[in-house]
Amino acid sequence: MSPDPGRTAQLRAEELGARYDAVRARIDEARASASRTDEVRLVVVTKFHPFEDMLALARHGARDLGENRVQEAQAKAERWDALGEDAVRPRLVMIGHIQSKKTGAVARWADEVQSVDSVKVAEGLSRGRLRLGEEVGAREGAAAAERPAPRPLRCLVQLSLDGDTSRGGVAEEGLAEVCASVAGAPGLELGGIMVVPPLEGDAGAHFRRAAEIRERVRARFPSATEFSAGMSGDLDAAIAAGSTCVRVGTAILGPRPIL
Ligand SMILES: *Cc1c(COP(=O)(O)O)cnc(C)c1O
């Protein structure tokens with residue numbers, strides 16, 4: 001007898017819900033250990049996993065889902081659109097490297113981009129967001145002067161702590177320039193910074209350094225309150241260092257299929 005697909009889906013949904021709750025509890029423990037009373041946002045990283053997992057997580061209460069590959073993310077965004085207005089559509093967060101020629105597409109579906117790492121990407125996202133606003137306005141038949149401005153796209157600038165930008169991010173020397181370009185770009189809003197710690201060295205020390213850099217960014221750009229740091233393996237250290245947003249994949253969804 002072949003397994004009952006409805007039953008299999010239900011078991012998977014239960015498993016995802018239990019692991020999501022366990023990660024939430026781990027976040028709360030880390031907050032308590034650090035004597036923090038502010039909230040820490042949880043972006044569930046669903047890359048490589050099927051749309052049905054996203055749906056199960058959203059139904060369980062996940063509000064932010066992260067994706068790192070443009071094409072996969074776009075296909076999943078279309079599935080959300082096809083579900084219609086009743087769906088509990090979460091925010092779709094781009095956390096992976098974006099080639100500058102793909103920025104227009106990302107600006108269409110992303111609710112937030114955490115991986116802005118160049119002036120070129122910021123400019124492309126800005127143009128894409130403005131174009132989207134014009135299209136929506138034209139579809140609704142409003143005169144150009146009466147069209148509402150498009151909802152700004154919240155962007156975090158990704159910092160590369162070791163300057164090895166092959167893993168994404170901008171080196172510290174270039175950070176202020178990219179932040180300024182996001183802050184000044186129409187259609188974009190600078191929300192803060194994101195960091196993936198280098199593989200070498202102590203993650204806690206990396207997070208503390210990133211937190212200091214974030215303070216300097218915030219002193220200049222008051223809207224830059226978000227400090228996105230911490231994944232399945234190191235979210236506790238990141239929260240101790242002041243992370244306001246963790247991005248967790250494996251601890252909730254299990255191992256990603258190897259391509
Ligand atoms: C994949 C990914 C994550 C999630 O990593 P896990 O170790 O699976 O929790 C977080 N951040 C970024 C930028 C990623 O690409």
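The values are calculated or read from the model by the stated rules, or taken from the named source; none is laboratory data. Treat the numbers as computed from the prediction; the structure is a model and nothing was measured. Glycine gets a Cβ as well: all are built from the backbone with ideal geometry, and neighbour counts include every protein chain shown. Areas reflect the complete protein model, heavy atoms only, side chains present, ligands, DNA and RNA absent. Shrake-Rupley method; radii C 1.70, N 1.55, O 1.52, S 1.80 Å.
Picking from V44, I95, L55, whose Cα lies most toward the positive end of the charge dipole for region 1-112 (charges on Cβ: Lys, Arg +1; Asp, Glu -1)? Positive-end residue among those listed: I95. On full extension, the segment bounded by Q71 and E39 gains 8.4 nm, given 0.36 nm per residue less the C-alpha separation. Under a Gaussian network description of the chain, with springs only between Cα atoms under 10 Å, the residue in D234, D38, D53 that fluctuates furthest is D38.
Once both labels are positioned 7 Å from their Cα atoms along Cα-to-Cβ, the gap between E215 and D202 label points is 1.8 nm.
All other residues whose Cβ lies under 9 angstrom from that of M194 are scored, Lys and Arg at +1 and Asp and Glu at -1, for a net of 0. On the chain, 52 percent of the accessible area sits on carbon and sulfur atoms, based on a 1.4 Å probe. Here the Karplus curve 6.51 cos²θ - 1.76 cosθ + 1.60, taken at θ = phi - 60°, turns the phi angles of region 14-20 into couplings of 5, 5, 5, x, 5, 5, 4 Hz, with x standing for Gly and Pro.
Shown here is the pair-distance distribution of the chain: with all Cα-Cα distances grouped in 5 Å bins from zero up to the longest one, the shares run 1, 6, 13, 16, 18, 17, 13, 8, 4, 2, 1, 0, 0 percent.
Summed over qualifying helices (DSSP H, 4 residues or more, each -39500 (n - 2.57)) and divided by its residue number, the chain shows a 222 nm mean residue ellipticity of -15000 deg cm²/dmol.
Overall, region 1-54 carries a charge dipole of about 180 debye about its Cα centre when +1 sits on the Cβ of Lys and Arg and -1 on the Cβ of Asp and Glu, all other atoms neutral. Subtracting the Cα-Cα distance of D81 and E52 from 0.36 nm times their residue separation leaves 9.0 nm of extension gain.
Could you tell me the calculated FRET efficiency between S166 and Q10, based on Cβ-Cβ distance and R0 = 45 angstrom, to the nearest 0.05? Efficiency computed from Cβ-Cβ geometry: 0.60. Each of A32 and R59 was given a label point 7 Å from its Cα along the Cα-to-Cβ line. The distance between the two points is 3.1 nm.
Just check region 63-175 against the gyration tensor rule for me: Cα atoms, a ≥ b ≥ c as the square roots of the eigenvalues, rounded for a/c under 1.5, and otherwise prolate or oblate depending on whether a/b exceeds b/c. Oblate, since a/c reaches 1.5 and b/c is not below a/b. Taking θ as phi - 60° and the Karplus parameters 6.51, -1.76 and 1.60, the scalar couplings of region 52-65 work out to 4, 5, 4, 4, 4, 5, 5, 5, 7, x, 5, 9, 10, 10 Hz in sequence order, x denoting glycine and proline. Computed from the C-beta positions of R108 and E177 and an R0 of 22 Å, the FRET efficiency is 0.25 to the nearest 0.05. Quick check: residue separation of A138 and S100 times 0.36 nm, minus the Cα distance between them. What number comes out in nm? Roughly 11.1 nm would be gained on extension. Taking the Cα centre of the chain as origin and assigning +1 to Lys and Arg Cβ atoms and -1 to Asp and Glu Cβ atoms, the resulting dipole is close to 320 debye. Residues in region 31-45 carry Karplus couplings, in order, of 5, 5, 4, 8, 6, 9, 10, 7, 6, 10, 6, 10, 9, 8, 8 Hz; the curve used is 6.51 cos²θ - 1.76 cosθ + 1.60 with θ = phi - 60°, and Gly or Pro positions show x. Give the shape of region 211-259 as rounded, prolate or oblate, defined through the alpha-carbon gyration tensor: a ≥ b ≥ c are the square roots of its eigenvalues, a/c under 1.5 means rounded, and otherwise the shape is prolate if a/b is larger than b/c and oblate if not. Since a/c reaches 1.5 and a/b is larger than b/c, the shape of region 211-259 is classed as prolate.
Hey, got a sec? Which GluC sites (Glu not before Pro) in region 143-230 land in a DSSP loop and have at most 11 other Cβ atoms within 10 Å?
Hits after loop and neighbour filter: E200.
Net charge in the neighbourhood of G254 (other residues with Cβ under 13 Å of its Cβ; Lys, Arg +1, Asp, Glu -1) is +2.
When the GluC sites (Glu not before Pro) in region 29-127 are filtered for DSSP coil states and for at most 12 other beta-carbon atoms within 10 Å of their beta-carbon, the remaining sites are E39, E85.
Think of the chain as having a plus end and a minus end, set by charges on the Cβ of Lys, Arg, Asp and Glu; of A75, G137, V116, G137 sits farthest toward the positive end of this dipole.
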